Amino acid sequence: MLLGYVYKLRPKQVQVVKMDNWLDMLRANYNWSLADRIDTYQQRFNRGEYCDLKTKSVAIPLTCCVSNYGASGEPWRDNGKRRSAGEIQITALPELKKVRPWYKDIDSTVLQQNIKRLDKAFENFFVGRGFPKFKNRSTMRSFTLTTGLKLDRNKIYLPKLGWMRFYNSRNIPEGFKIKSVTVRKKADGYYVSIRIEDTSVPTFPVKTNSEINTVVGLDMGLGKLIYCSDGSVIDNPRFGTNKKTKRLQRIRQRCVSRKKKRSGNRRKAQQKLSIFQHRIATKRESYQWQVAKKIVKKADAIAVEDLNIFGMMKRCKPKYDQTKGRFLPNGQSAKRALSRSIADASWYALISKIEYMASLSGKVVLKINPRHTSQTCSACGHVDADSRDGEKFICTNCGHVDDANLQAARNIKVKAVNQYGLILKQIRKVRQDLSKPKQLSLFETPNPESTGSKRRQHHAQSSKRGVPGNLGTQLDLFFQDNNDGTIVEVVNLLTYSEESVK
């Protein structure tokens, strides 16, 4: 079993300076390795064998996959197979330390993981996730260590950094061994992510389709964060797009833009803005973990839409008028607010947390095609875009009226059942508010007080109505309350007294 625990570090000032220097050197090494691979590709496949006048490097495609005076190294293994570009650059690290001695301060595993990080970026590119980009100070903020790690209560030992304290928010289970440690720099300090493994503990079981008895459908929204098929909804706090947060962020962003570039005051203002945004992200992440834990408890399987969130947040295509020679309005200014709301809701991160919590509980997350989920009537199955009017759903075929988002959640559940061939179990709920009747003895006479359930007696609130001298009922002008509880008309009393006087 593999687990990951995150803690906040408490390094000394010397260790903070050292880690900052590591990040600067790792960024330079990453960018140099990426540039070397780009130059190699240009020389081998686009330009052929030639000599670069600037670097005076010669490409030899038959013997080397990286240009001369670049990432040197042996291109062939002992078994005769060719090495990859990443393996050649890893074997060139000792020569890098000879030429640049300050790289000796970095642990060798950190440099190797830095090259593997570039390999992972190229693997993502071949899958279709975009070409690797050069790193800057805002994008290169972590490094990984794999060997020489020790842990002692609230202290961790990192090679060439020494012992370092951290806030031990939760204890690591016994029997787990440290596989790797990733140190990450954030706005409010350094954090450590410890990856632990225990081979004796089996992984969490996952239920098969035949074992799934209950399913809950989820429809992601913006007014409410999640609409469930059982009729419940989860609020959207809007941590980053509420009125107060947008005002504070606008003020702090204005403070940054008004400072002189590359000045100390601008760096301080940027630090305040970064801490403010980090707090928003921390609140959002904490709330999403609570929501994920609450949703996983609802059913054996959770059905969600396979949304193309990147496409939903993509900019509108420009409209160009050939006759007038200018761009026409394309609705991007109106869509900008929608994109910000989607980014603040962070649907992808929420679904990832739901998948993680479901795997820990042995449950399944089912992803379905979102096509026509909000335009289909759950009563008759009629599909029509005109049935939805904002948050209302009125079927044009059968006249069924319902909330549009709850309607979509029910359709998501039905789609998941049909797509995966699930057989759900109907659960009948029985009220438990009435107590069981009392078991009578042999000679006991039954009565409603002994056999029936005791009703809760209503106690009136304490008031001055029960105090002697105050009226229990509101009287009219010509009525009077006697001490014996009777009410006598005042007019009769007055006429009786006049006759007695006469």
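At a glance:
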{"read-out": "Any pair with Cβ under 6 angstrom, 6 or more apart, that starts in the stretch 384-410 at a residue that is within 18 Å of Leu307 (Cβ to Cβ) and ends at one that is among the β-branched types (Val, Ile, Thr) and surrounded by 13 or more Cβ atoms within 10 Å (Cβ to Cβ)", "value": "Ala408/Thr373"}
{"read-out": "Answer from Val192, Val206, Val215, Val181 - the residue that is loosely packed, with under 13 Cβ neighbours inside 10 Å and of a type in the set (A, V, I, L, M)", "value": "Val206"}
{"read-out": "Qualifying residues in the stretch 370-389 (those that are part of a loop (DSSP other than H, G, I, E, B) and hydrophobic (A, V, I, L, M, F, W, C)) - the one nearest to Leu218 (Cα to Cα)", "value": "Cys377"}
{"read-out": "Residue list for the stretch 281-340, filter: within 19 Å of Asn236 (Cα to Cα), part of a strand (DSSP E or B) and among the charged types (D, E, K, R)", "value": "Glu305"}
{"read-out": "The stretch 141-171, residues that are closer than 28 Å to Asn31 by Cβ, in contact with a strand residue (DSSP E or B) (Cβ under 8 Å, 6 or more places away or on another chain) and not hydrophobic (A, V, I, L, M, F, W, C)", "value": "Arg141, Ser142, Thr144, Thr146, Gly148, Pro159"}
{"read-out": "Of the criteria (1) within 16 Å of the chain's Cα centre (by Cα); (2) modelled with pLDDT under 95, which one Ile280 fails", "value": "(2)"}
{"read-out": "The stretch 390-423: number of residues that are under 32 Å from the mean Cα position of the chain (by Cα), in a loop (DSSP other than H, G, I, E, B) and not small (Gly, Ala, Ser)", "value": "3"}
{"read-out": "Checking Phe131 against (1) surrounded by 13 or more Cβ atoms within 10 Å (Cβ to Cβ); (2) touching a helix residue (DSSP H, G or I) at 6+ places or on another chain (Cβ under 7 Å); (3) modelled with pLDDT of 90 or more, the condition it does not meet", "value": "(1)"}
{"read-out": "Enumeration of residues in the stretch 117-147 that are in contact with a Gly (Cβ under 8 Å, 6 or more places away or on another chain) and among the charged types (D, E, K, R)", "value": "Asp119"}
{"read-out": "Within the stretch 179-190, considering residues that are in contact with a Ser or Thr (Cβ under 9 Å, 6 or more places away or on another chain) and outside any loop (DSSP other than H, G, I, E, B), the one nearest to Gln277 (Cα to Cα)", "value": "Lys186"}
{"read-out": "The listed residue being surrounded by 13 or more Cβ atoms within 10 Å (Cβ to Cβ) and polar (S, T, N, Q), out of Ser229, Ser169, Ser200", "value": "Ser229"}
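To keep it simple, each residue is scored yes or no on (1) surrounded by 15 or more Cβ atoms within 10 Å (Cβ to Cβ); (2) within 14 Å of Lys353 (Cβ to Cβ); (3) touching a Pro at 6+ places or on another chain (Cβ under 8 Å); (4) among the acidic types (Asp, Glu).
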position: Ser274; (1), (2), (3), (4): yes, no, no, no
position: Arg279; (1), (2), (3), (4): no, no, no, no
position: Gln288; (1), (2), (3), (4): yes, yes, no, no
position: Ala292; (1), (2), (3), (4): yes, yes, no, no
position: Ile295; (1), (2), (3), (4): yes, yes, no, no
position: Asp300; (1), (2), (3), (4): yes, no, no, yes
position: Val304; (1), (2), (3), (4): yes, yes, no, no
position: Leu307; (1), (2), (3), (4): yes, no, yes, no
position: Arg315; (1), (2), (3), (4): no, no, no, no
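Residue by residue, here is whether (1) under 21 Å from Ile196 (Cβ atoms); (2) β-branched (Val, Ile, Thr) holds:
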position	(1), (2)
Glu123	no, no
Phe131	no, no
Phe143	yes, no
Thr146	yes, yes
Lys155	yes, no
Arg165	yes, no
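The values are calculated or read from the model by the stated rules, or taken from the named source; none is laboratory data. Since we're looking at a predicted model, the values are computed, not measured. Please note: Cβ atoms are built from the backbone with ideal geometry, for glycine as well, and neighbour counts cover all protein chains shown.
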